[in-house]
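Every number in this text was worked out from the coordinates using simple rules, so none of it is lab data. Model, not experiment: these values are computed from the prediction. When we count neighbours, we look across all protein chains shown, and the Cβ atoms used for this are built from the backbone with ideal geometry, even at glycine.
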Amino acid sequence: MHAWPTPQVPELPGFPAAHPVRVHDSSTGELVEAAPGPGARLYACGITPYDATHIGHANTYVAFDLLVRAWRDAGKDVAYTSNVTDVDDPLLERAEATGVDWRELAASQTALFREDMTALGVIPPQTWTGAVESVPDVARAVAAMLESGAAYRVPLEPGAGGPTPELGDVYADLTADPRFGTVARLDREQALAYFAERGGDPDREGKKDPLDPLLWRRERPGEPAWDGGPLGTGRPGWHIECAVIARDGLGLAAGERFDVQGGGFDLLFPHHEMSTSHLRVLCPGTEGAEPAGARTHVHAGLVGYEGEKMSKSLGNLVLVSRLREEGHDPMAIRLALLAHHYRTEWEWDETSMPEGEARLVRWRDAVSGNGGPSADATLAAVRAALANDLDAPAALAAVDAWADLSLDPARDTSADEEGAPGIMARTVNALLGVRL
Ligand code: ZN
């Protein structure tokens, strides 16, 4: 798929920044260096295009955009891959319920997402792959797992399976991966509860373990299906889709790790646990080496609205496209998001947009002159804030303080520096993605 246009990112004084970027690892709860090597590789899970782009999605992609920007400012060569789950149960259910062809629904919502990301100034992934276009690669991966004994077939109900009903659905055998469970570190009871709640099928008859995840869903009447070679006609499971797209998009060799896998907090389990497990099985390393998969898992908090998690079924979506239609500056939307640390759970409310707008106006005012207070300390503070677990609220506070000083009519202007407002504007643009 073609991603959206890349925004211009100015280079800042003092490039490359000396700070290593640290992030909170969801697996261990520790603050770790996000990319310890010379490069940086990120896989952020993309949307299922049926309710794009609500503020919760925007919050997640703006959070990972901060990471990409901080890495770039630190001189890292950043490789970023993401996906679009353009065929999956929730998308098909929504299409069915609304009488829209699932392909049209996916295409229209993906287009909207692209526009929203462009408006919000999010740096696009270099590789952006749809589930549909990844089908042949996923089918090959699943066939390889079947062959190695890491997957098994589960018989179909009557009427399923098209011309080859004897070929069952394919599930991963989690006992093939002794490290399963090390991402989310849940106890069995909690794992089963999340699995049932978040799209899993613990009660499917014929599975070896209730947690074993679907890899290949055979053709069902009325559902789209693709040629899966030895698997029979069908479509990929969600976790294996992300594992294969991450492997191919980031060019992972056998046993090779990448730096960060990210997404919203509700992806920690089962999605990231399962996709990491599949990567370990698909790209086994040499004996004793660190297993494949992400070195660090990073998750953004969920954004609520009117006391509930934002979801289309509850009818409480705040859509970026609607805010834009209402005439809100996308940069103010971005500032409204950045006012909250990416890991916190918070609620969008009637104060969010006016606060973002007021800050944008104030910052634009503050950088409008030729001269102003030195920007050096503020640039350093913004860099330090982002290097410390992408602490956007601290970065905003530093810029606010500079803006307050700059706009204070009583301040001593004798030490003003020509060009300081320009450096401030470039800082805010390059590191926070806010064009002033
Ligand atoms: Zn994913």
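Shown for H297, H24: other C-beta atoms within 10 Å of each C-beta, ranked fewest to most, produce the order H24, H297.
Shape verdict for the stretch 283-408, please, from the Cα gyration tensor: rounded (a/c under 1.5), prolate (a/b greater than b/c) or oblate. Show your work: numbers first, answer last.
Values: a/c = 2.83, a/b = 1.25, b/c = 2.26.
Oblate shape, in that a/c is at least 1.5 and b/c is the bigger or equal ratio.
Only Lys, Arg, Asp and Glu carry charge here, each on its Cβ (+1 for the first two, -1 for the last two); on that basis the chain has a dipole of about 760 debye about its Cα centre. Of all segments of the chain bounded by GluC sites (Glu not before Pro) found in a DSSP loop with no more than 15 other C-beta atoms within 10 Å, the longest spans 31-165. Mind running the shape call on the stretch 127-168? Use the C-alpha gyration tensor, a ≥ b ≥ c as the square roots of the eigenvalues: rounded below 1.5 for a/c, prolate if a/b tops b/c, oblate otherwise. Here the stretch 127-168 falls in the oblate category. By definition, a body whose alpha carbon gyration tensor gives a ≥ b ≥ c is prolate when a/c is 1.5 or more and a/b is larger than b/c, and the chain fits this prolate description. I'd like to know which of T182, I240, F15 lies farthest towards the positive end of the charge dipole of the chain, counting +1 on Cβ of Lys and Arg and -1 on Cβ of Asp and Glu. Of the listed residues, the answer is F15.
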